[in-house]
Amino acid sequence: MKSLNAFMLAGLLVIPSAAAAYEVAPVTEGGSVGGRVFFKGAAPPPKRMLIAKNKEVCGEGHREIIEVAVKNGALENAVVVIDGIAKGKAWAAAQQKPLLDQKGCVFTPPMLVVPKGGDLDILNSDPVLHNIHTYEIIGAARRTLFNFGQPNQGQRLTKPINVRRGEWVKVECDAHDFMHAWMFAAPSPYVAVTREDGSFTIGDVPPGKYKIRAVHPVLGVKDAEVTVPARGKAEVRFEFEAK
């Protein structure tokens, strides 16, 4: 019995992790995936929040928080993800260590893709204190990733994006409650953020059949399948609807 238990334990120890790290490798005859993401119906109106402090930097009046950005039926700032690619192209230089700026009391960009487990640079371009507070979203719960103050203009800090079970990270400023942004922790560089016209392109994709998702922090997820031909281009369309 002891030898059997030892054998079973040894077997468990050599089982590879389901969350194995992404591997950079040459892509042979890679193709691309492009398309657009649309929104059907009336988009929810922006939230309006009073600018109550540091008006000389943040501006006067109210700040509009646009959670669903729609123009002519196209959805901006959705994230499109190709799943199931364990190895392939390297992260682009700007993606390897992306930058989140705080300028004019606005997080820029409002939607940022970060490598899961990678580092994020955070810059305070304002002459006022900001206190960035990030939360990993896990279902209806949220867990603080990091929370710190940046009192000095030009101060830049680096923090890891160590999400456990979620993909979305909400970004807020504890010093200015009208500052909001989102980050998506991606497992591989096969991901894109939709432009103003809802379009996206993901290049250098190994030929094959994949599951692909359009995800949005407010609207949820839409699934599809796509077949990427060698040196060719696949097209896919997603549509979200008003709730």
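The values are calculated or read from the model by the stated rules, or taken from the named source; none is laboratory data. For clarity, every value in this text was computed on a predicted model and none was experimentally measured. We place every Cβ from the backbone using ideal geometry, glycine too, and count neighbours over all the protein chains shown. When the accessible area is computed, the model is the full protein with side chains, heavy atoms only, and any ligands, DNA or RNA have been set aside. Shrake-Rupley method; radii C 1.70, N 1.55, O 1.52, S 1.80 Å.
Data overview
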| quantity | calculated |
| --- | --- |
| Nonlocal amide H pairs with residue 51, under 5 Å, H built at 1.01 Å | 61, 62, 63 |
| 12 Å beta-carbon shell around residue 158, net charge (K/R +1, D/E -1) | +1 |
| Proximal charge balance of residue 104 [Cβ under 13 Å; K/R count +1, D/E count -1] | -1 |
| For region 23-94, alpha-carbon Rg over 2.2 N^0.38 Å | 1.76 |
| Rg ratio (alpha-carbon, reference 2.2 N^0.38 Å) - the chain | 1.16 |
| Computed over the chain: relative contact order in percent, which uses C-alpha pairs under 8 Å that are six or more apart | 29 percent |
| Carbon/sulfur fraction of accessible area - region 116-185, other protein chains in place, 1.4 Å, % | 44 percent |
| Lys/Arg +1, Asp/Glu -1 at C-beta; the chain dipole; positive extreme among 27, 210, 234 | 210 |
| Reduced Cα scattering model of region 100-243, Debye log10 I(q)/I(0), q = 0.09, 0.12, 0.15 Å⁻¹ | -0.34, -0.58, -0.84 |
| Cβ charges +1 (Lys, Arg) and -1 (Asp, Glu), total dipole of the chain, debye | 480 debye |
| Out-of-range pairs (alpha-carbon distance over 29 Å; input 170/209; 53/116; 71/243) | 170/209; 53/116 |
| Value at 222 nm in deg cm²/dmol, rounded to 500, when DSSP H runs of n ≥ 4 in the chain each add -39,500 (n - 2.57) | -2000 deg cm²/dmol |
| Among 104, 59, 203: highest mean-square fluctuation, GNM of the chain, C-alpha pairs under 10 Å | 59 |
| Total formal charge among the other residues, if their Cβ is under 10 angstrom from that of residue 49, Lys/Arg +1 and Asp/Glu -1 | +1 |
| Using distinct alpha-carbon pairs, which all enter the 1/r mean, Kirkwood radius of region 90-152 in Å | 13.0 Å |
